[in-house]
Amino acid sequence: MQLRLTDPLFGFLGRSLMRPILLLGVLGSAVFGGFHFLGAPEDTLGSMQRSLADKICTQAVQDLPKMANVPSLAVLSLAGDDSNYLTGLLRQKIVASGQYRVLDETFFGKLMQEFGKREAAVTRLSEAVGLARQLGVDLVVFGEVPRPQPESGAGVLRLELRMAERSSGQAVFARSYSEEVGGSLILNSYWRSRIADSSKGWRIFFWILFTLLLPIAAIPLIRRLVSAESNAANLLLLLGLTVIDMFAALLLTGFWIPTVWTALILVAALGGSIFYNYCIASFVERMSH
């Protein structure tokens, strides 16, 4: 059954505007989305890395030796921690544990500046003990964040952590930590992290644009299927469009659902996709009769 364009507006859009609008919309969103997602990242530490850092620091603080009389402690900058995020997070969690009297960050920074080591990272035991004596603290925590291997991408984080004692001049704690996010069949961890770090607003906008254009672009297919007057074909059509929409939504999350809010947004997207696709299919069916 051929679609009778009895509605002048629908006919005008279908014949004159639909194709260029779809073409410009798809190309525009693809170009802008590619520039937005694949451009230089503004955040040097992605959301995956922050999640891994939180796990590592939590475990490390739990493993630190328990000592009597709440000794004083300074957290030195970790080598390889260019943004100082991991160093700051580790310091915060040690403070929150209440096991040590952690040197105030501002005061610590002023002292390090006076020593000429404001940004210097310490990896050697002798240097760490020397700084402990200069700072006048009982203990210092220091270590290194090894650079990930190229094939591991952003989904792996490692930490080599040590604690030195001023009085003995020896290391009283040394442990290696590693956390990693399982790989995806579609995207590697680096690109998943890049997508996850992009603006949520823009990702939602791209998904809405894609979802709006998809069934309109599929109108010829919808016409053929609804003309068959088969409930099974109509159901398959609705399911197919919805599956494609949800695949796009998962793609824009990097196939990673880190929070309950992300899951709720995906559920809302599923409901909206089903409703919109049904409305378009019903509209095309009505116009076909």
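The set of residues in the stretch 96-140 being touching a Pro at 6+ places or on another chain (Cβ under 9 Å) and of a type in the set (Asp, Glu) consists of Asp138 alone. Taking the conditions exactly as written (among the small types (Gly, Ala, Ser), closer than 20 Å to Ser51 by Cβ and surrounded by fewer than 17 Cβ atoms within 10 Å (Cβ to Cβ)), does Ser83 satisfy them or not? Yes, satisfied. Of all the listed residues (Arg91, Arg101), the sole one being surrounded by fewer than 17 Cβ atoms within 10 Å (Cβ to Cβ), under 35 Å from the mean Cα position of the chain (by Cα) and charged (D, E, K, R) is Arg101. Put simply, of Ala263, Ala281, Ala269 the only residue that is crowded, with 17+ Cβ neighbours inside 10 Å and either of a type in the set (Phe, Trp, Tyr) or under 28 Å from Trp202 (Cβ atoms) (or both) is Ala269. In the stretch 190-222, of all residues being among the charged types (D, E, K, R) and either at pLDDT below 80 or surrounded by fewer than 18 Cβ atoms within 10 Å (Cβ to Cβ) (or both), the one that is nearest to Leu270 (Cα to Cα) corresponds to Lys200.
Out of Ser77, Ser72, one residue alone is at pLDDT 90 or above, under 22 Å from Ala121 (Cβ atoms) and in contact with a strand residue (DSSP E or B) (Cβ under 9 Å, 6 or more places away or on another chain). It is Ser72. Return yes when Arg50 is at pLDDT below 80 and under 15 Å from Glu179 (Cα atoms) and no when it is not. The answer is yes for Arg50.
The values are calculated or read from the model by the stated rules, or taken from the named source; none is laboratory data. Quick caveat: nothing in here was measured; it's all calculated off a predicted structure. Reconstructed Cβ throughout: ideal geometry from the backbone, glycine too, with neighbour counts over all protein chains shown.
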